[in-house]
Amino acid sequence: QVQLVESGGGLVQPGGSLRLSCAASGRTFSSYATGWFRQAPGKEREFVATIIWSGGRTYYADSAKGRFTISRDNAKNTLYLQMNSLKPEDTAVYYCAAGRYGGRYYDPSSFTSWGQGTQVTVSL
């Protein structure tokens, strides 16, 4: 079982940046996909970005392309999400997730381990 702990959320003004981190323990991710999802109040959890741990292939939601960058540090077993040019509509609880990669990198049900979430609020 993988344990995931997110950090780095907070309050930022529109146009600002944040970097989220997700520290993993319990196993290595050699055959896993790891990703970021978010959930705003009253909305379903939605895909933000996924990285295939072995090889580093990345996938992004249209809303994240060009603004967000997902990356990982193999040595630290840590996942990151660099978020730039933040907008009020990016406000949500952000979750990191991990699961054995089966192709559905955008589907929350494909991920078996989840962090507790970190709040990101974009507001003046």
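The values are calculated or read from the model by the stated rules, or taken from the named source; none is laboratory data. What you see is a predicted model; the values in this text were computed from it and never measured. Note: ideal-geometry Cβ built from the backbone for every residue, glycine included; neighbour counts use all protein chains shown. Protein only, heavy atoms only, side chains kept; ligands, DNA and RNA dropped before computing areas. Shrake-Rupley method; radii C 1.70, N 1.55, O 1.52, S 1.80 Å.
Observations on the structure shown:
- Extension reserve of the VAL5-ARG100 stretch, reckoned as 0.36 nm per residue once the Cα distance is removed: 32.4 nm
- When trypsin sites (Lys or Arg not before Pro) are flagged only if DSSP places them in a loop and at most 14 other Cβ atoms lie within 10 Å, the longest unflagged stretch of the chain comes out as 77-103.
- In the context of the full set of protein chains, the chain has a per residue accessible area of 50 Å² (1.4 Å probe).
- Extension gain, ASP62 back to LYS76 (0.36 nm per residue minus Cα-Cα distance, nm): 2.2 nm
- Value of relative contact order over the chain, rounded to a whole percent, pairs C-alpha under 8 Å and six or more apart: 36 percent
- Only Lys, Arg, Asp and Glu carry charge here, each on its Cβ (+1 for the first two, -1 for the last two); on that basis the chain has a dipole of about 260 debye about its Cα centre.
- Directionally averaged shadow of segment 59-124, computed from the convex hull of its alpha-carbon atoms, nm²: 5.3 nm²
- Calculated on alpha-carbon atoms, Rg and Dmax of segment 1-115 in Å: 13.2, 37
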